[in-house]
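Take a look at the structure set out below.
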Amino acid sequence: MDQNRDGFIDKEDLKDTYASLGKTNVKDDELDAMLKEASGPINFTMFLNLFGEKLSGTDAEETILNAFKMLDPDGKGKINKEYIKRLLMSQADKMTAEEVDQMFQFASIDAAGNLDYKALSYVITHGEEKEE
């Protein structure tokens, strides 16, 4: 997501992320408004919340789930945390260990070290779950 690897999400990073999800008609005004919603520079944590709000009404959660399902041939809804970390740090747009750890802050991970990707997909597309 952070194309220039500076640790923050800017307007061009947002545009690229939307494009990768198939939404190429995002207007600059929409992106500017999204950036203004943040109380400061957008790191990965803040990005999840802001981006999730903007995806409501799309099928992005299903798209994300389908991507995770490819790594879960048994259909258990969970993937080993270390396996995901290795993949994210070694494939395509390689993430840093810090970026992966930021993602894990929002992930449900069980005692065996397995990531609940269904819950993470929800957080990515809807923002953090609210405590009741």
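Take the conditions acidic (Asp, Glu) and without any contact (Cβ under 8 Å) to a residue 60 or more places away in the chain and apply them to Asp93. Does it pass? It is false that Asp93 is acidic (Asp, Glu) and without any contact (Cβ under 8 Å) to a residue 60 or more places away in the chain.
Within the range 89-128, the set of residues being over 25 Å from Asp74 (Cα atoms), among the small types (Gly, Ala, Ser) and in a helix (DSSP H, G or I) comprises Ala97 only.
Bear in mind that the values in this text are calculations on the coordinates, not laboratory data. From a predicted model like this one, the values you see are computed outputs, not experimental measurements. Positions of Cβ are generated from backbone atoms using ideal geometry, with glycine treated the same way; all protein chains shown enter the neighbour counts.
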